[in-house]
Amino acid sequence: MHASARGWLPLAACITATACFQVGAALAKGLFPAVGAPGAAAMRLVLGSAMLLVWARPWRDWPAQPRLGALAVLGAATAGAILFFYLAIARLPLGMAIALQFIGPLAVAVLGSRRPLDLLWAGLAAAGVWALVGQGLAADRLDPLGLAAALAAAACWASYILVGRAAAASFGRATSALAATVATVFVLPAGVVHAGAAMLDLSLLPLALLVALVSVAIPFSLELFALPRLPARTFSVLTSTEPMFGALFGFLVLHERLAEAQLVGVAAVMAAAAGAAWSSAREPSKEVPPT
């Protein structure tokens, strides 16, 4: 393979994986009329965790002293991040919900640093959040439950990052599959209570499988290809484009429009996330598995 192609392929794989996550979120909203956000989250986790288990096969290399407590907390954080995110996008535009969710990992990056520069990223993120929600709150056009759900998803994502390293040290590359499986145990009852037998409707299975494929199988495969071939800083900065893809696919797939000020807010949160990732890469690595 040509050297230039080898250099571009990991970049393309990372960007495509990031886009796939947002396409999957946009497609998942197609399940909401039939099973609601809890039902869609449960279906995504059931099918997605099954795909991950088939790929990772954690039983082949089970640790001698597994850190089950860390795995349980990680699974709970994963469950909360997915369930609250789906509840948020049921009430908010996709791009806005993703940008608000980014507050979680951004807070971990900024609060874990002692450099004055990170105050700039925090301020930029705060300005972006205000541009996203301030005008809507003033005009009473934003759903407060949607905002609360997005912020709860952000808190769960931050918790995932904080506990993920301990679980990954024990379970290795199978961590994501096991965390998704534990998350399914938490979310499935909520899905059953909310949607009941509607989750067994076979007419929903093709879309549910597509959501799981685009949200899990494809992006994880691409990220695993890209991760060992890209510097950690580059990978982190590329993943900060998620709010942009959320706004883009929210418009293309769901016909959701953000006001100009809200688009500026999305850009500010992206810039803050990219800046925090870029500067934090100078510190010792704190890698965690993806969700």
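Between ARG173 and LEU205, the modelled label-to-label distance comes to 3.0 nm, taking each label 7 Å out from Cα in the direction of the beta carbon.
For the stretch 3-280, the dipole from Cβ point charges (+1 on Lys and Arg, -1 on Asp and Glu) about the Cα centre works out to 680 debye, to the nearest 20.
Placing dummy labels 7 Å off each Cα toward the beta-carbon, the span from GLU260 to ALA64 is 6.5 nm. Projecting the Cα atoms of VAL237, LEU83, MET43 onto the charge dipole of the chain (Cβ charges, centred on the Cα centre) puts VAL237 farthest toward the positive pole.
How high is the FRET efficiency from VAL253 to ARG165, r the C-beta distance, R0 25 Å, rounded to 0.05? Mind showing how you got there, number by number?
Values: r = 34 Å, r/R0 = 1.37.
For VAL253 and ARG165, the calculated efficiency is 0.15.
So how do VAL23, VAL54, VAL216 line up by other beta-carbon neighbours within 10 Å, fewest first? Before the final figure, lay out each step's value.
On the way: VAL23 22, VAL54 10, VAL216 26.
In increasing order of surrounding Cβ atoms, one gets VAL54, VAL23, VAL216.
For mean projected area of the Cα convex hull in nm², the value calculated from this model appears in [x] 16.1; [y] 14.8; [z] 13.8 under label [x]. In this rough spin-label picture, where each label sits 7 Å from Cα along the Cβ direction, the VAL185-ARG57 distance is 2.4 nm.
Using a Förster radius of 22 Å, what is the FRET efficiency between TRP8 and TRP278 based on their Cβ-Cβ separation? Nearest 0.05, please. Spell out each step's value before the answer.
On the way: r = 20 Å, r/R0 = 0.93.
The pair TRP8/TRP278 has a calculated efficiency of 0.60.
Highest mobility in the GNM of the chain, judged by mean-square fluctuation with C-alpha springs under 10 Å and restricted to VAL211, VAL237, VAL269, is found for VAL237.
Provide ILE82, ILE103 in ascending order of the number of other Cβ atoms located within 10 Å of each residue's Cβ, fewest first. Don't skip to the end; give the middle numbers.
Values: ILE82 29, ILE103 24.
Placing the least packed residue first, the sequence is ILE103, ILE82.
Report the one residue of ALA131, GLY146, GLY172 whose Cα lies farthest in the direction of the positive end of the charge dipole of the stretch 96-203 (charges on C-beta: Lys and Arg +1, Asp and Glu -1; origin at the Cα centre). Of the options given, the answer is GLY172.
Helix-only estimate, please: 222 nm mean residue ellipticity of the chain, summing -39500 (n - 2.57) across DSSP H runs of length 4 or more and dividing by its residues, to the nearest 500.
On the way: 13 runs with 220 residues, N = 291.
That calculation yields -25500 deg cm²/dmol at 222 nm.
Values quoted throughout were computed directly from the atomic coordinates according to the rules given, and no laboratory measurement underlies them. None of the values given here were measured: they were computed from a predicted structure. Every residue, glycine among them, receives a Cβ derived from its backbone with ideal geometry; neighbour counts consider all protein chains shown.
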